[in-house]
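Below is a structure I'd like to ask you about.
The values are calculated or read from the model by the stated rules, or taken from the named source; none is laboratory data. The shown structure was predicted, so the numbers you read here are calculated from the model rather than taken from an experiment. Reconstructed Cβ throughout: ideal geometry from the backbone, glycine too, with neighbour counts over all protein chains shown. For accessibility, only protein heavy atoms count, side chains too; no ligands or nucleic acids. Shrake-Rupley method; radii C 1.70, N 1.55, O 1.52, S 1.80 Å.
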Amino acid sequence: MRLIFAKSNKKTTNSLVPFSFERRDLRPDDVEIELLFCGVCHSDVHHVRNDWGGEEYPIIPGHEIIGKITRVGEKVTHFQSGNTVGVGCLIDSCRECSPCKHSHEQFCDNNTLTYSDKDRHDGTATYGGYSEKIVVSERFVLNIPEGLNLTGTAPLLCAGITTYSPLRRWHAGPGKQIAVVGLGGLGHMALKLAAAMGAEVTLISQSPGKEEDARTHGAKNVVISSDAKSMEEVNGKFDLIIDTIPYNHDLNPYVNTLAPQGALVLVGYLGSLDPTLNSAPLVYRGKTVAGSLIGGLKETQEMLDFCGRHGIASDIEMIDIQDINQAYERLLKADVKYRFVIDMQSLTKE
């Protein structure tokens, strides 16, 4: 089985290289999935290059997986061979804690990531979707609605649910003013989803020239954040802001654009904030700054069904696995509209 991995155990820019291994045998509740497509997420680059520290190699990235079931375990009841399915960021959890019992497996202290983690049953490394096959418990497998474009569906398993979850939690819908900060892989999905929910959507961007794309994805308005007058004009306007910027930035100008009791939700950045967040607007106007992390399996299936009903998929550029290193470099330069997806059949190319 030919896969891809990062070979250094230190922070590195080393290229991904071919690697072979065998998937484990099926447990009674497992399904085996032959991969068709796998999305490329910014977090893949972070893991491969040890940007967050603590990585153990080899790593096989990939948690935006679309494929067909080829085998099922003896106790599988919800799937059968031939089903088209998806696998996202999680492949297991403890299933007993309060978050698990309330369908919030993403908050389980003992959940298992699709890659760069340890199997909670036998302690072996988990390897992701840049591969020919994957074996997963049926509880962590998702139905793909008929009619969805499979290539554009792969990024829904991360970018889609990452933006859908806060939109649902803060009740995006008719009569709500929603702003999306940043137009990239996450931002373009947030625009599409919020517009489909019936909200009035605004893109806030540092870069002029994105208006046409923003409107194509559902934005009614575009505000340039570097234009002080434009930002002042939307002070106090938004019920919800989905902030997709993946690096440290000043939140204060965006908090000012929130309506009383509005919320700014971070989905793109992990880390310390500088400059310091001014708490006065939070106290005096009941505003909230929050974070959000993907979604549980129930909500992810809900998101896929919603996208199926509304014909929503990610805008993607298809690549062969042999082009993954160049894709990583382009991703770091934001040189993609808006997600890379790997054709996993390219693994058979010499």
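Please go through the stretch 61-100 and give me each residue that is without any contact (Cβ under 8 Å) to a residue 60 or more places away in the chain, open to solvent by 10 Å² or more (accessible area, probe 1.4 Å), in a loop (DSSP other than H, G, I, E, B) and closer than 16 Å to residue 29 by Cα, ordered by number.
74, 75, 80, 81, 94, 95
Count, please, the residues in the stretch 260-304 that happen to be surrounded by fewer than 14 Cβ atoms within 10 Å (Cβ to Cβ), within 18 Å of residue 172 (Cβ to Cβ) and not small (Gly, Ala, Ser).
Residues flagged as surrounded by fewer than 14 Cβ atoms within 10 Å (Cβ to Cβ), within 18 Å of residue 172 (Cβ to Cβ) and not small (Gly, Ala, Ser) within the stretch 260-304 amount to 2.
Further question on the same structure: For the stretch 45-67, which positions are modelled with pLDDT under 95 and of a type outside the set (Val, Ile, Thr)?
Within the stretch 45-67, 46, 47, 49, 50, 51, 52, 53, 54, 55, 56, 57, 58 meet the criteria.
Same structure, new question: If I filter the stretch 29-45 down to residues being in contact with a Phe, Trp or Tyr (Cβ under 6 Å, 6 or more places away or on another chain) and over 30 Å from residue 75 (Cβ atoms), which single residue comes out as surrounded by the most Cβ atoms within 10 Å (Cβ to Cβ)?
40
A further question follows. Which residue pairs have Cβ atoms closer than 9 Å, lie 6 or more positions apart in sequence or on different chains, and pair a first residue in the stretch 206-226 that is among the hydroxyl-bearing types (Ser, Thr, Tyr) with a second residue that is open to solvent by 70 Å² or more (accessible area, probe 1.4 Å)?
So the pair list comes out as 207/226; 225/206; 226/206; 226/208.
Table: residues versus (1) of a type in the set (A, V, I, L, M, F, W, C); (2) touching a helix residue (DSSP H, G or I) at 6+ places or on another chain (Cβ under 8 Å).
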| site | (1), (2) |
| --- | --- |
| 148 | yes, yes |
| 161 | yes, yes |
| 165 | no, yes |
| 175 | no, no |
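Counting just the residues of the stretch 234-259 that are touching a Pro at 6+ places or on another chain (Cβ under 7 Å) and crowded, with 21+ Cβ neighbours inside 10 Å, which one comes out farthest from residue 200 (Cα to Cα)?
255
Could you go through the stretch 45-60 and let me know if any residue there is under 18 Å from residue 90 (Cα atoms) and without any contact (Cβ under 8 Å) to a residue 24 or more places away in the chain.
For the stretch 45-60, residues under 18 Å from residue 90 (Cα atoms) and without any contact (Cβ under 8 Å) to a residue 24 or more places away in the chain: present.
Report, by residue number, each residue of the stretch 23-51 that is farther than 11 Å from residue 136 by Cα and touching a Leu at 6+ places or on another chain (Cβ under 8 Å). Before the answer, list the steps.
Here is the first cut: in the stretch 23-51, the ones farther than 11 Å from residue 136 by Cα are 34-51.
The answer is 36, 37, 39, 40, 42, 45, 48.
Among residues belonging to the stretch 212-233 that are crowded, with 19+ Cβ neighbours inside 10 Å and either out of contact with any helix residue (DSSP H, G or I) (no Cβ under 8 Å at 6 or more places or on another chain) or of a type in the set (Gly, Ala, Ser) (or both), point out the one that is farthest from residue 273 (Cα to Cα).
Per the criteria, the residue is 218.
Only one of 193, 156, 183 is of a type in the set (A, V, I, L, M, F, W, C) and in a loop (DSSP other than H, G, I, E, B). Can you tell me which?
183
Still on this structure, please answer the following. Looking at the stretch 209-226 only, could you name the residues that are in a loop (DSSP other than H, G, I, E, B) and modelled with pLDDT of 95 or more? Give the derivation first.
First pass over the stretch 209-226, keeping only residues in a loop (DSSP other than H, G, I, E, B): 209-210, 217-220, 225-226.
Those that are in a loop (DSSP other than H, G, I, E, B) and modelled with pLDDT of 95 or more: 217, 218, 219, 220, 225.
If you don't mind, there's one more thing I want to ask. Before we move on, is residue 15 of a type in the set (S, T, N, Q), out of contact with any strand residue (DSSP E or B) (no Cβ under 8 Å at 6 or more places or on another chain), more than 25 Å from residue 161 (Cα to Cα) and at pLDDT below 95? First the steps, then the outcome.
Working: of a type in the set (S, T, N, Q): yes; out of contact with any strand residue (DSSP E or B) (no Cβ under 8 Å at 6 or more places or on another chain): yes; more than 25 Å from residue 161 (Cα to Cα): yes; at pLDDT below 95: yes.
For residue 15, the condition - of a type in the set (S, T, N, Q), out of contact with any strand residue (DSSP E or B) (no Cβ under 8 Å at 6 or more places or on another chain), more than 25 Å from residue 161 (Cα to Cα) and at pLDDT below 95 - is met.
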